[in-house]
Amino acid sequence: QVQLVESGGGLVQPGGSLRLSCAASGSIFSIRDMAWYRQLPGKQRELVARISRGGSTNYADSVKGRFTISRTAVNTALLQMNGLKPEDTAVYYCYAEDRIGLAYWGQGTQVTVSS
């Protein structure tokens with residue numbers, strides 16, 4: 001079992017930056033990939049960025065060049081968000097997948113981009 005806790009959300013003006021952090025606990029050495037998803041009210045959760053244990057990354061087209069995902073440790077994933085836009089406003093969720101394909105989710109953190 002893996003537990004995920006996000007932090008770092010908040011209110012920021014357009015063009016500003018935020019950094020989200022996700023800390024995993026429990027069976028952390030079973031974690032393979034980690035990712036960030038986001039969800040707007042009434043919409044499906046969508047992938048923002050994903051990083052493998054080896055450091056390979058992929059991003060949603062809408063955030064390429066603005067967001068950067070990284071892993072500072074086997075159990076910690078960061079999402080640096082620069083050049084934030086109002087359309088980035090959403091609840092952001094940390095995701096982890098273990099070596100047998102089980103998925104884990106954090107509780108979510110609100111990001112609001114508004115002037």
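The values are calculated or read from the model by the stated rules, or taken from the named source; none is laboratory data. Fair warning: this is a prediction, and the values are worked out from it, not measured in the lab. Don't worry about glycine lacking a Cβ; one is built from the backbone with ideal geometry, like all the others, and counts go over all protein chains shown. Please note that ligands, DNA and RNA were not included when accessible areas were found on the heavy atoms of the full protein model with its side chains. Shrake-Rupley method; radii C 1.70, N 1.55, O 1.52, S 1.80 Å.
Close amide H pairs (under 5 Å, H built 1.01 Å from N) link THR89 with VAL113, residues at least 5 positions away or on another chain.
Pairwise alpha-carbon distances in the stretch 27-87 exceed 14 Å for 57% of all pairs.
Using 1/(1 + (r/R0)^6) with R0 = 25 angstrom and r between the beta carbons of LEU47 and GLN110, what's the FRET efficiency to the nearest 0.05?
Using R0 = 25 Å, I get an efficiency of 0.85.
Here's the picture: charge each Lys and Arg Cβ at +1 and each Asp and Glu Cβ at -1 in the chain, and of GLY101, SER70, SER25 the one pushed furthest to the positive end of that dipole is SER70.
Protein heavy-atom surface of the chain, 1.4 angstrom probe: 50% of the accessible area is carbon and sulfur, with nucleic acids and ligands not counted. Here the dipole of the stretch 6-115 is about 160 debye; that uses its Cα centre as origin and unit charges on the Cβ of Lys and Arg (positive) and Asp and Glu (negative). State, to one decimal in nm, how far the label point of LEU11 lies from the label point of ALA73, with both points 7 Å from Cα in the Cβ direction. With each label placed 7 Å out from Cα toward Cβ, I get 3.3 nm.
If the segment from SER56 to GLN80 were pulled out straight at 0.36 nm per residue, it would be longer than the present Cα-Cα gap by 7.0 nm. Taking amide H as placed 1.01 Å from N in the peptide plane, GLY108 has its amide H under 5 Å from the amide H of GLU6, CYS94, each at least 5 places away in sequence or on another chain. Using a probe of 1.4 angstrom and keeping all protein chains present, the accessible surface of the stretch 17-82 works out to 50 square angstrom per residue.
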